[in-house]
Amino acid sequence: MGVDVMDSGLYHHLKTLRAELPRLAGLLKLEGGPELASWCKIVDQRLLTRFDPKIPPVAAICGGGSSGKSTLFNSLLEGRFAPTGGRAGMNRRILFSVPERLAGQTRRIAALLEPFASEPKPLEHPEELLQPGGPLYLTTRPGRFDLILMDTPDFDTGAGGRYANRQSAQGALEAADLLIYVFTNSSYNNRDNTDFIARMLTGIGRRKCFLVYRCYPSFTAEEVTEHAMTVARNIYGADAEHYVLGIFRVDEDNRVAAGERFIALRPLDPQGRSVADTLNGIDVQQLRSELHAAVLRDVLRDVRDGLARAQDSLAELRRYADGLQALQNGCLREAL
């Protein structure tokens, strides 16, 4: 879709709209500055930068404290890149995996990092992730994935009622084309977590997700399905099934917790494909087309709302100008 969109002129029309709408709002002194700023950010980061067909899809691995996000990231890439352990909130930074074909293409990597307002930096030591800072990236070995995986900090770990990493997590979700949400038996019905994700994924342009349930080996397929669909409905509402790309389970394993082996993901459907095959089998063109269409619908809806407010404001200004003119004419007549 990227090439077709740009060839059709839609890309350039969207750039014009992005530039002119804030100018119009400023001229007419419209209210709703934060909403307009959010709209501009979405157009910049989720439309204009993503029309480039050479940018692969971004899948964000996200979840609450100690859910196993970094362990999943390491397992999918078959390496010990992100520190793991039993303590929640260990990793404080975003970590990207970039396909080898993008290695050295800092311009494209920088485009992906726009939501973080940070220059791309390669990961040198895993310990860098333990300190707050900008996102880091590494290069995926050839043939592993032609997408960008993103390991994110916990978004529910904090002290004194504060979420220490939620801003970073928000940037990760804004940058993602799809989500890999890891949850546990203790967090699957945590509405605070899923409400936060829902705001990020369904506000403008609904993005799809994979669900990964870390559970006890004794859990039946029916229990896993029930809990996973609870998560899905909390995020997407009644039409959740349309947005869930796949459900996988990860059975608790002490060897994984001890760092002796990678996790083994099993599709809920016994006949289903592995998570690696599923990720590599994503129809990128269809995914991007559906996402761009959804974002454009919501963006244009907001533009129509903004245009209606602008028209009301313009009508009010004209009435004000007409009133001033009438008052001026009256004063002139009295003076004469």
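Just so you know, all these numbers are worked out from the coordinates, no wet-lab data involved. Just so it is clear, the structure is predicted and the values come from calculations on it, not from any experiment. Quick reminder, even Gly has a Cβ in these numbers, built from the backbone with ideal geometry, and neighbours come from all protein chains shown.
Compared with the alpha-carbon gap, the fully stretched path from Asn329 to Arg191 is longer by 43.4 nm at 0.36 nm per residue.
Convex hull volume of the Cα atoms of region 237-287, normalised per residue: 124 Å³. What distance in nm separates the two pseudo spin-label positions at Asp251 and Ala238, each 7 Å out from Cα along the beta-carbon direction? My value for the distance between the label points is 3.8 nm. Listed by chain and number, the aspartates and glutamates whose alpha-carbon sits under 12 Å from that of Lys69, ignoring those within fewer than 8 places in the same chain, are Asp151, Asp154. Using a simple spin-label model with pseudo-atoms 7 Å out from Cα toward Cβ, Ser38 and Leu336 lie 5.4 nm apart.
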